[in-house]
Amino acid sequence: MRHITKVLVVGAARLLGDIGDITRFGSRAHFASFNGTAPIDASSGDQNRHRLSRAGNRRINRVLHIMAVVQLRHDTEGRAYFRRKLAAGKTPMEAMRALKRRLSDVVYKQMTADAKRLQTGPGGHAGATLQSSAADPIPIAGTSDKSLPGPAEPQPRTPLKINS
């Protein structure tokens, strides 16, 4: 159980670190293209197929892959989605690609919702304003009447004891 928690924390940290500001992606399709889960058309004749892209951020793609594998190991919505894709005639690889894309969309949706909730102000800090928080709009610093101390006086050193 501790190993699973560590994997989840590391995966979340990887997503946050590599993605950064989610608002730089205009849509979930743009985000999917960035992380390599956007499908590439591999159709031929009457066969309409898509394959997994090898482009994009491979570290984020790996986190999404681990998320997909965990979804398949447990009775989750992801496993039900995967099974529906298999029942629709997709190969296991195509169903996995579709699940990873769906998880990419979930990550995008959650991160954009979090970004809207935590609107940042100037300097990238939530709640920051251009107004000073000082009580007086123009703080005045007065000079001290006391003079500054002079140069430091030399201090005697403690002699070292040498054991012989």
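So if each residue of separation counts as 0.36 nm, and I subtract the Cα-Cα distance between T91 and R79, what length gain in nm does that give? All intermediate terms of the calculation are to be shown ahead of the outcome.
Numbers: separation 12, 0.36 × 12 = 4.32 nm, distance 1.46 nm.
Full extension of this stretch gives 2.9 nm more.
A straight Cα-to-Cα reach below 20 Å connects K116 with the aspartates and glutamates D18, D21, D105, residues fewer than 8 places away in its own chain not being considered. Normalising the average separation of contacting C-alpha pairs (under 8 angstrom, six or more residues apart) by the number of residues puts the relative contact order of segment 2-120 at 27 percent.
Here, each number is a calculation from the coordinates, and none is a lab measurement. Please read these numbers as outputs of a predicted model, since none were measured by experiment.
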